[in-house]
């Protein structure tokens, strides 16, 4: 009986240490912060970054997205408004681009601002292995990350979470 108690106590201690070592354990992600120049996506809780991931951007990464097809990643404040699985890009979180100011600017200039900006994983096939994409800016304006990182973000970030994209 004593051995059973010892095993139980050791199991409980191990589980407690494992959850204490995980900085994401029990935290609510209040914001996703994308730092384009640093190629980083940060999960923010209580105003502090909990975890940082390496990302890839659009093929023309400098500057604000201006029109559809410019291959730029937008800058500003958006929301995760829906999500989907994808055969091509693993998992995808859709951003509410264009926001009100993006739409107003596009109307003033008489251009299409584009749409379908997402945070997503990378292709992974024999022809296009995931490693080819990890350090390149290759998207049409989306934010891409390794599939293992995308699965973690997918599980931690809820629909309705704010996304700030900075230059």
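Rounded to the nearest 500, the helix-only mean residue ellipticity at 222 nm of the chain stands at -7500 deg cm²/dmol, with each DSSP H run of n ≥ 4 adding -39,500 (n - 2.57). Seen against the Cα atoms of the chain and their longest principal axis, helix 2-21 is set at about 20 degrees. Using a ≥ b ≥ c from the Cα gyration tensor of the range 31-79 (square roots of the eigenvalues), is it rounded, prolate or oblate, where a/c under 1.5 gives rounded and otherwise the larger of a/b and b/c decides, a/b for prolate? Cα axes put the range 31-79 in the prolate bin. Taking 105, 83, 146 in turn, the Gaussian network model of the chain (Cα-Cα springs below 10 Å) assigns the largest fluctuation to 105. Relative to the longest principal axis of the Cα atoms of the chain, the long axis of helix 100-109 makes an angle of roughly 20 degrees. Here residue 46 and residue 81 are evaluated by their C-beta separation; at R0 = 22 Å the FRET efficiency comes out at 0.40.
Connecting C-alpha atoms closer than 10 Å in a GNM of the chain, tell me which of 144, 68, 104 has the biggest fluctuation. Comparing 144, 68, 104 in a Gaussian network model of the chain, the most mobile one is 104.
Quick check: Cα centre of the range 97-154 to Cα centre of the range 37-86, how many Å? The two parts, judged by their Cα centres, are 7 Å apart. Among beta bridges identified by DSSP and lying wholly in the chain, the antiparallel ones come to about 75 percent. Sorting 67, 55, 29, 117 from the fewest to the most surrounding beta carbons within 10 angstrom yields 67, 29, 55, 117. Label reach from residue 128 (point 7 Å along Cα→C-beta): in the range 83-101, amide nitrogens under 11 Å belong to 87-90. Label positions at residue 37 and residue 159, each projected 7 Å from the Cα along the C-beta direction, are separated by 3.6 nm. By how many degrees, 0 to 90 and rounded to 10, does the Cα axis of helix 147-156 deviate from the longest principal axis of the chain? That helix lies at roughly 80 degrees to the long axis.
First check a/c for the range 28-166, with a ≥ b ≥ c the square roots of the eigenvalues of its C-alpha gyration tensor; if it is under 1.5, answer rounded, and if not, answer prolate when a/b is larger than b/c or oblate otherwise.
Oblate shape, in that a/c is at least 1.5 and b/c is the bigger or equal ratio.
All of the numbers you see were taken from the coordinates with simple rules; none came from a lab. Just so it is clear, the structure is predicted and the values come from calculations on it, not from any experiment. Methodologically, a virtual Cβ is constructed for each residue, glycine included, from the backbone with ideal geometry; neighbour enumeration extends over all protein chains shown.
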